[in-house]
Amino acid sequence: MFRILKQVLLFSIFFSFFTLFAGEDYFFELYTMKDKLVSASEIMHNPETKYLIVDFFSLICEPCKRSLPKWDEFYKENKSKGFEFLLVSLPIKGEGKKYEKALKDYFKKNVFSFKMVFDKYSVVGKKFGAVTKNDDVLLPMIFVLDKSGQIVFKATSYDEAVSKINTLK
């Protein structure tokens, strides 16, 4: 009898622990360079939005910069089909205010139709795995989230991401 109670208790503890962490979503809030708060959760609460594409970005990532005009075109063509896009810019170690100014200048010269937010302390980048514990940035890194904030898939290039997105349409 004691053995059965022990097994039930262990199962209950395991199940409670699993359900506590299994439902973690990847929603986040970050500010734009103009200090406007952007919430991934609010974006996804729009009934017309089916998926949120989250692309991590840095000025030192040439493939990231080359993909921006492609993402802009993709976004314009697919927004009405339920796809939202959010560019998350990551900081460069040791650059601080100098990098923030360079980022602002870059997006003044290169205007896109999607939102760009700045992950100043790499909190969101670390949550997604785009930034390591040592603050190394792993780019390109693109994620697609569903309505519940769960990751549908991850990609490491624009072409790979679009190929996978096309299976969702």
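Descriptive notes on the structure:
- With respect to the conditions (1) without any contact (Cβ under 8 Å) to a residue 12 or more places away in the chain; (2) under 23 Å from Gly129 (Cβ atoms), Asp35 lacks only one, and its number is (2).
- Residue within segment 114-135 that is over 18 Å from the mean Cα position of the chain (by Cα) and at pLDDT below 95 present: yes
- Qualifying residue in segment 21-30 (condition: of a type in the set (A, V, I, L, M), at pLDDT below 85 and farther than 24 Å from Ala155 by Cα): no
- Considering (1) of a type outside the set (Val, Ile, Thr); (2) under 24 Å from Gly129 (Cα atoms); (3) surrounded by 14 or more Cβ atoms within 10 Å (Cβ to Cβ); (4) modelled with pLDDT of 95 or more, the lone condition that Arg66 does not fulfil carries the number (3).
- One residue alone among Phe83, Phe57, Phe74 is surrounded by 15 or more Cβ atoms within 10 Å (Cβ to Cβ), under 22 Å from Lys104 (Cβ atoms), at pLDDT 95 or above and of a type outside the set (D, E, K, R), and that residue is Phe57.
The values are calculated or read from the model by the stated rules, or taken from the named source; none is laboratory data. Quantities reported herein were computed from a predicted structural model and do not represent experimental measurements. When we count neighbours, we look across all protein chains shown, and the Cβ atoms used for this are built from the backbone with ideal geometry, even at glycine.
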